[in-house]
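Novice: I have a structure here, written as structure tokens, and I will follow up with some questions on it.
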Amino acid sequence: MTPCTTTDLDWHSTDPDEAAACIALCATCPERAPCAADALARREEHGIWGGLDLNRHQSIRPRGRPRRTA
């Protein structure tokens with residue numbers, strides 16, 4: 001079982017203390033990398049996914065058109 005399925009934490013909270021607790025639990029999860037990759041692929045905009053706080057780190061998700069290369 002993963003930590004997110006066995007706790008009562010709000011994984012979509014904007015409270016910094018609750019987000020920190022969620023991220024700490026993610027550090028022990030064997031599904032951390034696939035969870036983060038899946039959330040980024042789905043373009044999740046909120047919540048803690050695979051140890052990433054998508055409420056605050058919006059720059060990790062690509063937006064708009066790709067950059068042009070010369």
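Every number here is computed from the coordinates shown, using simple stated rules; none is lab data. These figures come from a predicted structure and were not determined experimentally. Methodologically, a virtual Cβ is constructed for each residue, glycine included, from the backbone with ideal geometry; neighbour enumeration extends over all protein chains shown.
Novice: Please give the peptides 34-42, 46-54, 1-9, 21-29 ranked by average Cβ packing (other Cβ atoms within 10 Å per residue), highest first, as a rough proxy for protection.
Specialist: Highest-to-lowest ranking by the protection proxy: 46-54, 21-29, 34-42, 1-9.
Novice: Further, regarding this structure: Measuring from label point to label point, each 7 Å out along Cα→Cβ, what is the Thr69 to Asp15 span in nm?
Specialist: Distance between label points: 4.6 nm.
Novice: Another question about this same structure. Taking the Cα-to-Cβ direction at Thr28 and at Glu44 and moving 7 Å from each Cα, how far apart do the two end points lie in nm?
Specialist: Here the answer is 1.9 nm between the modelled labels.
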